[in-house]
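Q: The following block contains the structure, expressed as structure tokens.
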Amino acid sequence: MDRKSETCRCPAGKIMWLKARRARIGHHLFMQFQGYEHDCNDCGLRKRCLRNPNQPTPRQINVALDITQEQKAGIIERMKRKIDSPKGRHIYSQRLGTVEPVFGHITDAIGIKRFSLRGKRKVDGQWKLMMLLHNILKIHRYGWEWA
């Protein structure tokens, strides 16, 4: 593979065509090449060259070029942009009203930061005890309202 001339040869020495100069897969940028069907179908190295010898498409190669700007900016910066968008503000406001206060109360006020038991059944039991404690403290603090 030669980046300057943007050319690539397959293991049999045949020239491959440039499929994409800057293809994005996830947070990575690739230069993509693909072999010609007439070269790949008749090739003696086909069984060793392709992952599956019965694959209908010819050989493809992705050459890593770079990572995208979102990945470079970092996780915190991406989350800030996401939360600061109108849609993000709406979604995050719903989250604050439903789940976040419970976890905040359990970790900060009660002081439980991790499970002390192992195994799904034991952790489930411990979680139910934490929720029971959380709800009893709410009843103690705010009273039992009869409807």
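Q: In segment 19-44, what residues are open to solvent by less than 50 Å² (accessible area, probe 1.4 Å) and out of contact with any strand residue (DSSP E or B) (no Cβ under 6 Å at 6 or more places or on another chain)? Break it down into steps so the answer makes sense when it comes.
A: Keep residues of segment 19-44 that are open to solvent by less than 50 Å² (accessible area, probe 1.4 Å), which gives 20, 23, 29-35, 39-40, 43.
Hits for segment 19-44 are 39, 40, 43.
Q: Moving to a separate point now. Could you tell me which numbered condition residue 84 fails, if it satisfies all but one of (1) modelled with pLDDT of 80 or more; (2) open to solvent by less than 90 Å² (accessible area, probe 1.4 Å); (3) of a type outside the set (S, T, N, Q)?
A: (2)
Q: Return the pairs, sorted by first residue and then second, in which the second residue is part of a strand (DSSP E or B) and of a type in the set (Asp, Glu), the first residue lies in segment 14-36 and is in contact (Cβ under 8 Å) with a residue 40 or more places away in the chain and within 13 Å of residue 3 (Cα to Cα), the beta carbons are less than 7 Å apart, and the residues are 6+ apart or on different chains.
A: none
Q: What is the number of the single condition among (1) open to solvent by 60 Å² or more (accessible area, probe 1.4 Å); (2) at pLDDT below 80; (3) touching a Gly at 6+ places or on another chain (Cβ under 9 Å); (4) polar (S, T, N, Q) that residue 69 does not meet?
A: (3)
The values are calculated or read from the model by the stated rules, or taken from the named source; none is laboratory data. Computed from a predicted model, the values in this text were never measured in an experiment. Here the Cβ is made from the backbone with ideal geometry for all residues, glycine too, and neighbour counts use every protein chain on show. Each accessible area value is taken on the protein alone, full model and side chains, heavy atoms only, with ligands, DNA and RNA left out. Shrake-Rupley method; radii C 1.70, N 1.55, O 1.52, S 1.80 Å.
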